[in-house]
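This report refers to the structure that appears directly beneath it.
The values are calculated or read from the model by the stated rules, or taken from the named source; none is laboratory data. Everything numeric here is computed off the predicted structure, so don't read it as measured data. Cβ coordinates were reconstructed from backbone atoms using ideal geometry, including for glycine residues, and neighbour counts include every protein chain displayed. Only protein heavy atoms, including side chains, enter the accessible area calculation; ligands, DNA and RNA are left aside. Shrake-Rupley method; radii C 1.70, N 1.55, O 1.52, S 1.80 Å.
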Amino acid sequence: MAVPARPLFILIVGLGSFLLFLVQPLIARAALPQLGGAPAVWNTAMLFYQGALLLGYLYAHALQRLTLQAQIALHMGVLLAAAATLPLSLPVEGGPPPGEEALWLLARMALGIGPLFVAVAAQAPLMQAWFARSPDPEAVNPWFLYAASNAGSLAGLLAYPFLLEPFLGLSLQRLGWSAGYAGLVALVGMAAMGLWREGRAMPAAPLAAGGAQPRLGLARQARWVALAAVPSGLMLSTTTHITTDIMAMPLLWVLPLSLYLLSFILAFGHHGATWGRRATIAAPFLLLVFGGAGFLSLDRAATLYGLSSLLLLAVVATALHGAVAADRPAVRQLTRFYLMLALGGMLGGLFAALLAPLLFDWVYEHPILLLLAALLVPARPLTQRIGRLWIGRGPVARGLRVLAPPVSLALSWWLGANFSTVALTPWMVGAVALIVALAVLAIGRPFAFTFHFLMLMLALGGWQQIDISTVRDARVRSFFGVYAIQNVQSSQTRRLQHGTTMHGIQSLDPMKSRIPMSYYAPESGVGLAFQAAPALFGPGARMGFVGLGAGSLACYARPGQAWTVFEIDPAIVDLTIGRRAFTYVAQCKPDIRIVLGDARLTLARAPKGSFDMLAVDAFSSDSIPLHLLTVEALRTYMAALQAEGVLLIHISNRFLDLEPVVAALVRHEGLAARRLLYFPRAASARAGLSFSGSDWVAVTRTEEGMARFLAAAAPGPEAESLWGELDDSEGRPAWTDERASILPALKPLAELLS
């Protein structure tokens with residue numbers, strides 16, 4: 001060959017995987033305007049990837065029935081035909097029907113990028129099969145190319161948030177991907193010409209080298225599928241947690257997937273056996289320490305809990321992928337082996353992304369997958385003596401086998417009724433420690449260890465979660481997240497939770513049930529603004545808000561006003577209005593108009609000047625979807641407002657400093673803005689009013705309009721002290737649909753961990 005085989009094939013599989021994973025966040029970002037910032041957007045995109053990867057691997061496996069020359073001719077034709085669909089695009093016009101978001105996105109991705117994805121996905125196994133026919137000395141052991149493939153995938157994932165997204169617009173990103181694809185086709189062509197000149201014909205059997213091989217047993221192939229399925233599903237369930245509690249953005253979506261890919265690199269690299277052995281030793285202990293809290297809701301430690309979940313994913317995935325790498329077959333079975341891995345990956349994704357939201361009202365898939373991981377990790381007893389404890393005939397061995405399960409179950413049941421992270425007692429600590437001790441003794445006995453691990457998870461919040469699931473309407477799950485209704489007797493309130501974020505509070509006291517609570521208190525920015533609407537726009541003010549939540553804002557409605565709410569999730573409408581879990585709307589504005597769909601798209605279809613006042617409060621568990629804070633989005637909001645209208649944007653966020661983001665938008669569009677940072681008074685709590693601190697920004701077209709607004713929203717000399725100027729000292733560029741990055745908006749790590 002004109003070019004040495006090994007570097008050329010490493011470059012091909014690396015570039016192919018780089019392109020494959022680069023397109024993941026790019027396309028998921030393109031879907032945001034239609035589907036908002038839900039974690040399920042990324043999970044569904046991952047499911048599409050896994051399905052397309054399976055098709056690509058199936059295609060590569062089927063090609064092995066042909067001669068090498070026939071494979072080359074056919075594959076080059078497929079690559080060139082797929083190029084006809086460039087540049088990358090996602091046909092998203094029209095939006096999804098309510099309740100069919102996942103299937104709608106899968107269909108659009110199949111139409112837009114399906115052919116390219118399948119063609120590129122075939123590179124990893126196909127190039128390994130071709131390399132095995134090259135004259136290179138390493139041709140008999142092509143498995144290192146799989147590590148190179150995953151290294152390329154990891155590079156693609158990290159390149160997007162850190163190199164492409166901050167500096168290139170979507171159009172240039174698509175153009176760059178097309179150029180990369182052209183380079184990939186050229187490299188494959190070079191390898192094909194070299195192999196063609198070698199004249200090595202491929203017989204009917206998969207590979208000529210190695211002689212006859214025994215047929216692979218179904219049990220062995222099923223084990224490959226299971227070992228691949230659990231890390232895949234666990235990666236998606238971890239993604240749901242991380243993105244629900246932080247922000248639905250590529251920067252955070254790629255973290256679990258990056259660790260998942262890293263586990264492949266470690267397991268299939270030159271030191272794969274060592275990494276797999278180390279991970280197998282550590283996995284049971286990390287499952288007990290971090291996975292044992294899989295049912296707990298740790299809203300005060302979301303960041304630390306997220307980091308521990310990432311560590312657990314990395315170790316468990318490395319242990320399971322190490323087990324499957326240690327069981328890889330002869331080279332002639334290479335494509336079938338990878339086909340089984342792809343099948344397992346797709347099944348894990350199917351369970352976590354599509355089936356779980358339909359089957360469960362909470363993210364039960366995460367603890368279920370942790371249990372399956374505990375069952376599959378090929379751990380050994382800590383010592384031979386401990387191992388013999390379970391198999392001997394003496395009283396200790398019999399006692400462990402007979403008494404350990406009921407003791408663990410009894411302790412778990414007792415803890416389920418009494419355990420609390422804020423009121424721990426020595427008895428609780430001792431009970432947890434005993435369950436953990438039994439689990440540690442059971443390491444190396446998969447079923448016994450998994451049983452005690454299950455008892456630990458049930459003890460630490462599991463029984464409570466199951467109990468909540470038995471209560472009708474206590475929790476609702478949709479494509480956009482899990483919503484829980486909580487009655488807090490100490491404050492006599494009902495709360496709407498999404499992840500660890502509270503989305504609305506209503507007093508259970510009939511005398512206070514019309515008072516907007518939480519972020520919407522009467523003295524908050526939105527509270528002052530909405531109360532000023534009659535003075536600004538008369539009795540017939542046209543009011544709108546984005547994000548229904550518990551419907552708190554509806555109780556600022558006055559007779560004669562026309563109110564419209566924009567909500568992307570039908571489940572929230574059913575919960576708040578249909579089932580009347582909250583009665584703000586029923587009591588204060590039962591004739592409110594509800595518009596389903598992404599607010600930016602539905603507002604764009606509204607007649608210009610339709611509203612006098614509009615509030616944007618589109619949370620997704622402490623995240624604001626990026627596409628709702630771009631220049632184009634701001635123009636849509638302002639177009640929907642009349643000339644003297646007022647826009648209000650809620651920027652409270654635990655993880656992102658959104659003040660400079662909004663300041664940049666306002667500067668870019670030449671608008672006027674003020675910010676009100678509200679902290680509730682102690683007297684409010686004493687009066688039984690559950691007000692929360694909030695951060696709201698008011699926007700008008702001119703300073704004159706802002707002066708009129710301030711005079712009505714905060715009359716008197718206190719107006720300027722309440723509504724302050726935005727901090728635009730950094731002069732950041734405004735987010736646009738073409739180019740935006742959350743890196744500058746992330747709060748310092750020390751603040752996130754506090």
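Annotations for the structure displayed:
- Ala541 vs. criteria surrounded by 20 or more Cβ atoms within 10 Å (Cβ to Cβ), at negative phi and not aromatic (Phe, Trp, Tyr): yes
- Verdict on Leu603 being modelled with pLDDT of 90 or more, buried (at least 22 other Cβ atoms within 10 Å of the Cβ), under 31 Å from the mean Cα position of the chain (by Cα) and under 23 Å from Phe709 (Cβ atoms): yes
- Residue check for Ala352: farther than 17 Å from Leu261 by Cα, surrounded by 20 or more Cβ atoms within 10 Å (Cβ to Cβ) and of a type in the set (Gly, Ala, Ser): yes
- Considering (1) farther than 30 Å from Gly461 by Cα; (2) modelled with pLDDT under 95; (3) of a type in the set (A, V, I, L, M), the lone condition that Ala323 does not fulfil carries the number (2).
- Sub-6 Å Cβ pairs linking a first residue in segment 357-374 that is under 19 Å from Gly306 (Cα atoms) to a second residue that is assigned to a helix (DSSP H, G or I) and of a type in the set (Gly, Ala, Ser), at least 6 apart or interchain, are Glu365/Ser237; Glu365/Ala352; Glu365/Ala356; His366/Ser237; Leu369/Gly233; Leu369/Ser237; Leu370/Gly291, ordered by first then second residue.
- Members of segment 381-401 found to be assigned to a loop (DSSP other than H, G, I, E, B), surrounded by 11 or more Cβ atoms within 10 Å (Cβ to Cβ) and under 43 Å from the mean Cα position of the chain (by Cα), listed by number: Pro381, Leu382, Trp390
- Enumeration of residues in segment 489-507 that are aliphatic (A, V, I, L, M) and modelled with pLDDT of 85 or more: Leu496, Ile505
- For segment 377-385, the criterion of being at pLDDT 85 or above and under 14 Å from Leu288 (Cα atoms) is met by at least one residue.
- Residues of segment 382-409 that turn out to be in contact with a helix residue (DSSP H, G or I) (Cβ under 9 Å, 6 or more places away or on another chain) and not aromatic (Phe, Trp, Tyr), as a count: 15
- Cβ-Cβ distances below 9 Å connect the following pairs, each with a first residue in segment 270-296 that is over 15 Å from Leu259 (Cβ atoms), a second residue that is among the basic types (Lys, Arg) and open to solvent by 20 Å² or more (accessible area, probe 1.4 Å), and a separation of six or more residues or different chains: Thr280/Arg380; Ile281/Arg380.
- Qualifying residue in segment 610-622 (condition: among the small types (Gly, Ala, Ser), under 28 Å from Arg701 (Cβ atoms) and under 22 Å from the mean Cα position of the chain (by Cα)): yes
- Criterion (surrounded by fewer than 22 Cβ atoms within 10 Å (Cβ to Cβ) and at pLDDT 70 or above) met by exactly one of Gly211, Gly233, Gly199, Gly217: Gly217
- Scanning segment 214-235 for residues that are without any contact (Cβ under 8 Å) to a residue 40 or more places away in the chain and among the hydrophobic types (A, V, I, L, M, F, W, C) turns up Leu218, Ala219, Ala222.
- The test for being at pLDDT below 85, among the polar types (S, T, N, Q) and either crowded, with 24+ Cβ neighbours inside 10 Å or under 20 Å from the mean Cα position of the chain (by Cα) (or both) holds for Ser297.
- Residues of segment 536-556 satisfying the condition of being within 22 Å of Pro607 (Cα to Cα) and in a loop (DSSP other than H, G, I, E, B): Gly538, Pro539, Gly540, Ala541, Gly547, Leu548
- Segment 704-715 - residue that is open to solvent by 50 Å² or more (accessible area, probe 1.4 Å) and not charged (D, E, K, R) and, of those, modelled with the lowest pLDDT: Pro715
- The residues in segment 577-587 that are in contact (Cβ under 8 Å) with a residue 60 or more places away in the chain and open to solvent by less than 30 Å² (accessible area, probe 1.4 Å) can be counted, and the count is 3.
- Within segment 361-380, the residues that satisfy the criterion of being assigned to a loop (DSSP other than H, G, I, E, B) and open to solvent by 50 Å² or more (accessible area, probe 1.4 Å) are Pro378, Arg380.
- Among the residues making up segment 426-440, those that are open to solvent by 50 Å² or more (accessible area, probe 1.4 Å) and not aliphatic (A, V, I, L, M) are Pro426, Trp427.
- Within segment 109-143, considering residues that are in contact (Cβ under 8 Å) with a residue 60 or more places away in the chain and open to solvent by 40 Å² or more (accessible area, probe 1.4 Å), the one farthest from Ile12 (Cα to Cα): Ala110
- Selection status of Gln69, crowded, with 19+ Cβ neighbours inside 10 Å, assigned to a helix (DSSP H, G or I) and touching a residue at least 24 places away in the same chain (Cβ under 8 Å): no
- Scanning segment 577-612 for residues that are touching a Ser or Thr at 6+ places or on another chain (Cβ under 7 Å), assigned to a helix (DSSP H, G or I) and either over 16 Å from Tyr556 (Cα atoms) or not hydroxyl-bearing (Ser, Thr, Tyr) (or both) yields Val585, Gln587, Arg600, Leu603, Ala604.
- For the residues Ala431, Ala410, the requirement of being without any contact (Cβ under 8 Å) to a residue 12 or more places away in the chain and in a helix (DSSP H, G or I) singles out Ala410.
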